Each structure stands twice: as C-alpha cells, then as structure tokens.
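**Student:** Let me give you the structure first, and then I'll get to my questions.
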Amino acid sequence: KDIAKLCCALVWWCEGNKNASFVRFTSSDPTLITNYLSVLRKGFVIDESKLRVLIHLHTYHNEAKQKKFWSSITQIPLIQFHKSYQKTNTGVRKQDNYQGCIAVTYYDAKIAKELEAIYNAFTQRGIR
C-alpha cells in the first residue's frame, strides 16, 4: 500500500494538477491512465462515485465511441463522464489511433494533500 501511494504521488506530480482540494490527472496515454488509477485505487481507500472524467476531443472524433473506450480503460461508468470538450482541428493533421486526452478527477482534499506530502517527503529525502 505504501509503494502504491509513493508511485501514485510520483506519477501524479508529473502529469497531475497541484490543487489542494482535489486530485486531477491528465494524459492521452491509456497505459499511463490505467497505471495511475491502479496505484490510486491500491494506495488509497477511494469512493468510486467521486471519480469524474473529462475527455478532450477533436472534431473528427466520435464522442460516444471515445467515451466507451475511456470508460473501458478507466473502469469508470459513463454516468460519471462530463460533456466532452471539443478542441478545434486545424485540418493540417489527423492523428490515427489518437483516442483523445482525458482528465480524471477525484474529489477528495485529504488525498490531494497526502499526495503532495508524500511527493515533498520523497524529494526532500530522495532514495537512500
């Protein structure tokens, strides 16, 4: 459990928000999202109903298909997804197999503060 908390804090520090009232992690990498949620769930007792997902999509994406994809990856029900954010596409390029970028938010100030404390303790002491 302690290793999971440390891993969660490190991954969150690299790709997450730094807000004391909630935890948000943003990425377009399904593997990174899966691993982040795995260590969050293993390291902390969480209330799954406090998880929310916001997908950033381009106009060429099928929103329903992308929501289904990310729900499968995150194991978060579609009812907990916000309306997707549509990014404008210049039309210069279209990335094949790009599933969009998602922000997974967990609304719990206690966990947000604990992640920051773990990260700060780690960076002050380092690995010895």
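The values are calculated or read from the model by the stated rules, or taken from the named source; none is laboratory data. Predicted model, so just to flag it, every value in this text is computed and none were measured. Cβ coordinates were reconstructed from backbone atoms using ideal geometry, including for glycine residues, and neighbour counts include every protein chain displayed.
**Student:** Among K5, K1, which is the only one that is modelled with pLDDT under 95 and surrounded by fewer than 14 Cβ atoms within 10 Å (Cβ to Cβ)?
**Tutor:** K1
**Student:** In addition: Check off (1) under 18 Å from Y107 (Cα atoms); (2) under 10 Å from the mean Cα position of the chain (by Cα) for T34 and give me the number that stays unchecked.
**Tutor:** That leaves (1) as the condition not met.
**Student:** I've got another one for you. Please go through segment 53-87 and pick out each residue that is crowded, with 19+ Cβ neighbours inside 10 Å and aromatic (F, W, Y).
**Tutor:** Hits for segment 53-87 are W70, F81.
**Student:** While we're looking at this one, here's another question. Looking at F122, F25 in this structure, which one is under 17 Å from L6 (Cβ atoms), aromatic (F, W, Y) and modelled with pLDDT under 90?
**Tutor:** When all the criteria are applied, what remains is F122.
**Student:** I've got another one for you. Report every pair of residues separated by at least 6 positions or lying on different chains whose Cβ atoms are under 6 Å apart, first residue within segment 15-32 and surrounded by 15 or more Cβ atoms within 10 Å (Cβ to Cβ), second in a loop (DSSP other than H, G, I, E, B).
**Tutor:** Filtered contacts from segment 15-32: F22/Y107; R24/N17.
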